[in-house]
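Only one structure is covered here, and it is reproduced in the block below.
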Amino acid sequence: METIKPREPWNKGKLVGQKPPLKLKDIWAIRIHLQLEKRIRDLALFNLAVDSKLRGCDLVSLRVRDVLHGSQILPRAMIVQRKTQRPVQFELTDQTRSAVSSWIAKAELKSEEYLFPSRVHNSPHVSTRQYARIVHRWVGSIGLDPSVYGTHTMRRTKATLIYRRTKNLRAVQLLLGHTKLESTVRYLGIEVDDALEISEQTEI
């Protein structure tokens with residue numbers, strides 16, 4: 001009788017669970033590294049990833065027209081999220097607008113084109129898998145363990161910083177485009193009782 005070999009778990013040898021956000025010092029370390037390396041595309045992608053708090057699939061599929069009006073980068077943009085089909089707004093800081101503007105000019109991108117086109121011929125824009133590899137390079141460049149961080153690190157970073165500064169769960173919920181407060185609680189990794197108490201205190 002043939003013995004069935006047990007299937008190896010997909011996550012064997014891998015760290016699973018929530019990916020931690022970057023600390024403020026990590027953000028600046030990566031920015032400085034990318035600036036020194038003159039990685040114009042990566043700097044634009046990194047800054048936009050932090051500011052937008054978008055899921056990877058939404059970030060890589062941004063078009064130039066989503067962030068550009070005429071010749072000016074918008075201070076605030078809005079897209080419809082692929083996962084929830086709900087609109088979400090995000091602010092673009094001065095340094096992000098500057099980085100994105102430099103990238104658009106260097107790549108000579110048109111309004112209807114993807115903001116981060118792929119260098120692979122069969123893909124119109126950077127894929128989520130490519131984006132994940134890019135994130136690993138970013139964190140590895142400043143001495144962090146790439147296996148600990150991922151694309152959700154980028155989504156969680158600014159949201160976590162805002163929450164720690166304001167304790168305003170409702171605001172973070174809106175910024176992340178979550179339909180339920182519980183989703184935001186889980187995403188931030190805070191205790192439910194603390195979250196409910198804070199939301200009561202910050203409710204208008």
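Summary table
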{"item": "Cβ-Cβ under 6 Å pairs, at least 6 apart or on other chains, segment 21-40 side in contact (Cβ under 8 Å) with a residue 24 or more places away in the chain, far side of a type in the set (Gly, Ala, Ser) and buried (at least 16 other Cβ atoms within 10 Å of the Cβ)", "result": "His33/Ser141"}
{"item": "Options Lys38, Lys53, Lys23; residue that is surrounded by 13 or more Cβ atoms within 10 Å (Cβ to Cβ) and at positive phi", "result": "Lys53"}
{"item": "Considering residues of segment 140-165 that are part of a helix (DSSP H, G or I) and free of Cβ contacts under 8 Å to residues at least 12 places away in the same chain only, the residue surrounded by the fewest Cβ atoms within 10 Å (Cβ to Cβ)", "result": "Arg165"}
{"item": "Flag if Val67 is without any contact (Cβ under 8 Å) to a residue 12 or more places away in the chain, within 29 Å of Ser183 (Cβ to Cβ) and touching a strand residue (DSSP E or B) at 6+ places or on another chain (Cβ under 7 Å)", "result": "no"}
{"item": "Residues that are within 12 Å of Arg97 (Cα to Cα) and within 16 Å of the chain's Cα centre (by Cα), drawn from segment 61-75", "result": "Val67"}
{"item": "Within segment 106-121, tally of residues that are of a type in the set (Asp, Glu) and within 15 Å of Arg39 (Cα to Cα)", "result": "0"}
{"item": "Pick from segment 38-60, criterion closer than 22 Å to Leu109 by Cα and assigned to a loop (DSSP other than H, G, I, E, B), ranking: nearest to the chain's Cα centre (by Cα)", "result": "Leu54"}
{"item": "Sole residue being touching a residue at least 40 places away in the same chain (Cβ under 8 Å) and either assigned to a loop (DSSP other than H, G, I, E, B) or surrounded by fewer than 16 Cβ atoms within 10 Å (Cβ to Cβ) (or both), chosen from Val100, Val120, Val126, Val88", "result": "Val126"}
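Yes/no matrix, rows are residues, columns are (1) aliphatic (A, V, I, L, M); (2) over 22 Å from Pro21 (Cβ atoms):
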residue: Ala49; (1), (2): yes, no
residue: Arg55; (1), (2): no, no
residue: Asp66; (1), (2): no, yes
residue: Thr84; (1), (2): no, no
residue: Ser147; (1), (2): no, no
residue: His152; (1), (2): no, no
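None of the figures in this text is laboratory data; all of them are computed from the coordinates on show. Note that the coordinates shown come from a computational prediction; the quantities given were computed from them, not determined experimentally. Counting neighbours? That spans all protein chains shown, and the Cβs are built from the backbone with ideal geometry, glycine included.
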